[in-house]
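Values quoted throughout were computed directly from the atomic coordinates according to the rules given, and no laboratory measurement underlies them. What you are looking at is a predicted structure, and each value in this text was computed from that prediction instead of being measured. Here Cβ is always computed from backbone atoms with ideal geometry, including for glycine, and neighbour counts include all displayed protein chains.
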Amino acid sequence: MSYLTATQPRCMDNNGAIELIIEPKETDLGGFSVRRVLPSKARRMIGPFSFFDHMGPAEFPPGKGIQVRPHPHIGLATVTYLFAGEIMHRDSLGFEQSIQRGAVNLMTAGRGIVHSERAGDDLSTTSRLHGIQSWMALPAKQEEREPAFVHYPAAELPELDIGGVAIRVIIGAAYGHTSPVTSYSPMLYLELRLPQGAQLTLPDTYWERAAYVVSGAVQIDDQTFENGVMPVACPNKCISIQALKDSHVMVIGGDPVGERHIWWNFVSSSKQRIEQAKDDWKSGRFKLVAGDAEFIPLPED
């Protein structure tokens, strides 16, 4: 497995509002397929966002469900956000927390944490899972901070309506509302539900922004984008999204945090630090998840 080095390219000689379009790559996560948008060959990061997975929608028969075994992270914070279903989070700090639709699990890895993500205890019926898993690279001064975990119930996230567009502010500040979810650098994370014909101008206070179309079809700068693609905006461009049909869109963005190296589940400004993390996991020096003997082994280089 080779390193990915995440940098922030810029629009060059481009009079339009869209810098590029990212199409996701299908990959496997615990026995079901997901669409991996970031990192991609076209673009490694959007602001601090270094990873963006669209999970599902998936349906599991009775007795089955997501089973992501314990694995380590450094140098990042993860956000799990579900549209449907439930995931049980367990980590090496001793936290055990289920997450359901609209809530946020914020896990800050810092110098190192191990966690698992599995189905809830009730597997007696058919279950669904649909949502977004994202990582944000921590600023250089925060990369080695103490690990932490915080759960934010759905009711704590601001909700508003602008011109018929239902908006949830997951992280950051937008349209006069600020999320309680901790952000370690200037960043934005929104959920939009736009009825056909509705239009919304995105906040322009963040240097980098992108929109991922979960479902539906939207128009930006005279271009049409359907479900499963992420148009990336040119910095400092005014971006307006118009729904060509009922659409579900996630908006991410923020200020760049600098070059980052990405290897497996490790994100760092230092390749040497990632090499240390690789050796720590292989040698058993990470604290493990209590009561869970399984783990994901270090991939081969």
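Of Lys141/Lys287; Lys237/Lys278; Lys64/Lys278, which pairs sit farther than 29 Å apart, going by alpha carbon to alpha carbon?
Lys237/Lys278; Lys64/Lys278
Just one of [x] 34, 24, 19; [y] 37, 26, 19; [z] 30, 23, 17 is semi-axes √(5λ) of the Cα gyration tensor in Å calculated from these coordinates, so which is it?
Checked against the structure: label [z].
About the Cα centre, and with charges only on the beta carbon of Lys, Arg (+1) and Asp, Glu (-1), how big is the dipole of the chain? Nearest 20 debye, please.
With only Lys, Arg, Asp and Glu charged at Cβ, the dipole is about 400 debye.
Which whole-number percentage describes the relative contact order of the stretch 4-282, with Cα contacts under 8 Å and a sequence gap of 6 or more?
Relative contact order of the stretch 4-282: 21 percent.
In the chain, with Lys and Arg counted as +1 and Asp and Glu as -1 at Cβ, which of these residues, Ile252, Gln276, Tyr206, has the Cα nearest the positive end of the dipole, that is, farthest along it?
Gln276
Taking loop as defined by DSSP and a crowding limit of 15 other beta carbons within 10 Å, which GluC sites (Glu not before Pro) in the stretch 222-301 fit?
For GluC sites (Glu not before Pro) across the stretch 222-301 that sit outside H, G, I, E and B with at most 15 neighbouring Cβ atoms in 10 Å, the list reads Glu259, Glu294, Glu300.
Run the helix sum for the chain: -39,500 (n - 2.57) per DSSP H stretch of 4+ residues, divided by residue count, reported at 222 nm to the nearest 500 deg cm²/dmol.
The helix contribution divided over the chain gives -1000 deg cm²/dmol.
Among 175-182, 218-225, 241-248, what's the highest-first ranking by average C-beta atoms within 10 angstrom per residue?
241-248, 218-225, 175-182
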